[in-house]
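Okay, structure first, notes after.
Values quoted throughout were computed directly from the atomic coordinates according to the rules given, and no laboratory measurement underlies them. The structure displayed is predicted, hence computed values, not measured ones. Note that we place each Cβ from the backbone using ideal geometry, even for glycine, and neighbour counts take in every protein chain shown.
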Amino acid sequence: MTMRKTMTAAALCTVALGSLIAQPAFASTLIDPSPKTATTNNQVNAADLALTTINTERGYTVESTLSFPNGTAYGQIKVTAPQGMKVTATDWTEYIAPDGSYALMGKESDSWIAARKITFKVLESSTAGSTLTGGKIEVVKAGAVSKSLDFTATVKSAFASVSTPSFAQGLTGVSTVKFGRSAYGQLKFTAPTGTRITATNYSTCTISPDGLTALCGVNTDTWGADRTVTLTSDGTHIGTFNDGKVEAIYDGQVRDTHALGATITSNLIATDGVINAGEEGTATVKFTNNVNGRLQFIAPAGTKFKSINSTYCVISPDGTTADCGQQPNWGADKVMTFKIDTNAAPGTVYTGGIARVVDANGNPTTSTGFKITVGNKVAKPTVAVDHNVLSGTGIPGATVNVRNDANEIIGTKVVGTDSTWSITVPFQGTGNKTVNVSQTYGTGTSDTVLATINFGQGVQVTTPTNGSTVTTEKVTFTGTGTVGATIQVNGSTKNICTTTVGTNGTWSCESTVALINGP
């Protein structure tokens with residue numbers, strides 16, 4: 001095998017007459033030991049071209065094989081690299097552009113039948129997961145392209161795997177990043193939903209003040225060793241979240257990425273309370289793991305704390321919050337006691353209760369929500385007696401019924417939105433009468449409240465007095481009686497006047513007909 005270097009007029013020309021392919025001066029022609037058809041003056045049937053798949057990571061080279069499956073190709077071969085790649089070598093190089101954008105193989109007088117090797121490099125500025133286009137193989141003879149093949153390349157991710165840690169709120173979990181090949185540029189971590197970054201195993205990483213991101217290294221760095229990122233819960237979510245990211249950033253642009261996830265379990269588990277109106281009851285919070293921090297409680301809207309089973313816990317004056325202070329190992333169950341308003345409607349659900357532990361900066365590390373449901377038992381209404389008028393409070397929208405001793409309804413009223421009601425009880429006979437008062441809400445009825453009404457001893461006439469003499473045609477009659485009773489003053493042949501006993505137990509009416517003078 002020999003090598004010869006020629007210097008001809010054609011070689012000295014940068015572009016041969018009628019040729020589209022640049023020809024460098026002092027080009028070296030290598031004698032290839034593999035089968036290669038002798039030069040011919042005429043292009044025969046152009047052969048098909050085939051190129052093996054190109055698939056590698058950023059910054060790495062890959063060798064591809066060019067073959068001629070249907071026979072000999074005649075002319076010079078020009079290889080144009082896809083955008084984001086460059087040609088670094090061939091096994092029959094005539095010329096490679098300084099930027100690697102293309103390469104020339106052989107001369108126009110050459111012919112090809114044996115497979116050839118072409119080496120490409122994916123630029124660090126390419127993006128993993130992308131398809132690089134614009135690659136082309138051309139066979140040129142006498143200045144004309146006789147055969148061409150368009151090809152693409154795929155950029156693989158340098159990330160092999162990123163583990164998903166599972167941890168309880170208030171604790172930490174570690175995710176490990178493994179690389180299949182080295183990654184180029186800076187490394188950036190973005191925390192998944194519900195987590196914050198607390199540490200990495202690389203000294204140059206800068207964690208953002210909010211703990212949501214960490215940026216490591218500089219543009220010229222490469223990453224191949226395992227990298228870890230430590231996550232903690234931000235106390236706002238439980239579940240599995242895969243919206244975090246690990247990214248390789250080169251020249252300020254994201255070039256490679258892999259999802260970063262975490263599974264967060266609750267450290268605080270609440271047992272909601274079911275409490276009947278007018279009664280006391282509890283809700284409980286349990287810790288699955290001991291946790292350090294400041295324990296705080298917020299009562300469900302519409303409720304108030306009555307007590308919490310810890311001497312550390314201080315309930316606010318309005319009863320809506322409680323602060324238990326900083327402790328290194330919260331772990332014992334916390335039982336919260338509530339008193340439900342008497343007029344709370346059965347089935348009412350009070351939501352918005354929160355139990356949480358926060359760190360020294362006030363950031364939640366673990367939290368849970370809880371609620372209080374009013375039980376199905378209907379509370380008794382309150383009842384006040386004023387003569388024959390009953391009034392009180394009840395459940396807004398409930399129906400208050402008053403029944404006599406025969407269990408007959410003698411008065412009914414729907415409780416107003418202000419929780420009040422009032423019923424005037426009709427005359428039930430002289431003396432004290434006991435009535436039953438209850439309220440109905442939905443399908444439930446409260447226990448009864450007993451109320452005693454004094455209907456008095458019947459009607460009494462105050463004026464005119466018995467035996468007195470009437471001297472005017474119009475006479476005013478007054479007296480006392482049972483509140484609400486109807487008073488009729490009758491003559492021998494007709495009604496003189498009619499009125500109703502007032503709430504103060506008195507009555508008064510003026511005659512509607514002229515009366516004759518006399519006793």
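What residue among Val87, Ala485, Thr337 has its Cα farthest toward the positive end of the dipole of the chain, where the charges are +1 on Lys, Arg and -1 on Asp, Glu, each on the Cβ?
Val87
In the chain, with Lys and Arg counted as +1 and Asp and Glu as -1 at Cβ, which of these residues, Gly347, Thr154, Ala322, has the Cα nearest the positive end of the dipole, that is, farthest along it?
Working it through, the farthest residue towards the positive pole turns out to be Thr154.
What is the pair-distance distribution P(r) of region 384-454, computed from all Cα-Cα distances in 10 Å bins starting at 0, with each bin given as a whole percent?
Histogram of Cα-Cα distances, whole percents per bin: 21, 56, 20, 2.
Could you state, as a whole-number percent, how many of the C-alpha pairs of region 460-510 are farther apart than 18 Å? Present the calculation step by step, with values, prior to reporting the outcome.
Working: 367 of 1275 pairs.
The share of Cα pairs beyond 18 Å in region 460-510 comes to 29 percent.
Quote the charge dipole size of the chain about the Cα centre in Debye, to the nearest 20; the model charges only the Cβ of Lys and Arg (+1) and of Asp and Glu (-1).
In total the dipole reaches around 860 debye.
In what sequence, highest mean first, do 200-208, 485-493 appear when ranked by Cβ atoms within 10 angstrom? Before the final figure, lay out each step's value.
Details: 200-208: 14.8, 485-493: 12.6.
Highest mean packing first, the order is 200-208, 485-493.
PRE reach from Thr263 (point 7 Å along Cα→Cβ): which of region 164-183 fall under 20 Å by backbone N?
Backbone N within reach: 164-178.
Between Val461 and Val314, what's the calculated FRET efficiency when r is the beta-carbon distance and R0 is 60 Å? Round to 0.05. Display every interim value, and only then the final one.
Values: r = 67 Å, r/R0 = 1.12.
Taking R0 as 60 Å, the efficiency between Val461 and Val314 is 0.35.
Kindly flag which residue pairs out of Lys474/Lys494; Lys86/Lys141; Lys86/Lys245; Lys121/Lys147; Lys156/Lys245; Lys334/Lys377 have an alpha-carbon separation exceeding 19 Å in this structure.
Lys86/Lys141; Lys86/Lys245; Lys121/Lys147; Lys334/Lys377, as the Cα separations exceed 19 Å there.
Please state, to two decimals, what the Cα-based radius of gyration of region 159-265 comes to when divided by 2.2 N^0.38 Å (N = residues). Working shown, then result.
Details: Rg = 13.0 Å, N = 107, 2.2 N^0.38 = 13.0 Å.
Scaled against compact globular proteins, the figure is 1.00.
Can you tell me the FRET efficiency between Glu63 and Ala199 if r is taken as the Cβ-Cβ distance and R0 is 45 Å, rounded to the nearest 0.05?
Numbers: r = 41 Å, r/R0 = 0.92.
According to the calculation, E is roughly 0.65.
With point charges of +1 on the Cβ of Lys and Arg and -1 on the Cβ of Asp and Glu, referenced to the Cα centre of the chain, which listed residue (Ala270, Gly59, Asn70) lies farthest in the positive direction of the dipole?
The residue sitting farthest along the positive end of the dipole is Asn70.
Can you tell me what percent of all Cα-Cα pairs in the chain are more than 45 Å apart?
On the way: 76998 of 134421 pairs.
Across the chain, Cα pairs with separations above 45 Å total 57 percent.
Listed highest first by mean packing, meaning other Cβ atoms within 10 Å per residue, what order do 310-321, 251-262, 446-457 come in? Mind showing how you got there, number by number?
On the way: 310-321: 13.6, 251-262: 18.5, 446-457: 16.2.
So the peptides 310-321, 251-262, 446-457, ranked by packing, come out 251-262, 446-457, 310-321.
Within region 374-393, find all residues whose amide N lies under 14 Å from a label point positioned 7 Å from the Cα of Ser422 along Cα-to-beta-carbon.
So the set is 384-393.
For all pairs of alpha-carbon atoms in region 195-333, what percent lies in each bin of width 10 Å, listed from the first bin to the last filled one?
9, 29, 24, 17, 13, 7, 1, 0
Given charges of +1 on the Cβ of Lys and Arg and -1 on the Cβ of Asp and Glu, with all other atoms neutral, how large is the dipole of region 239-365 about its Cα centre, in debye to the nearest 20?
Values: 9 positive and 12 negative charges, 51 e Å.
Roughly 240 debye, rounded to the nearest 20.
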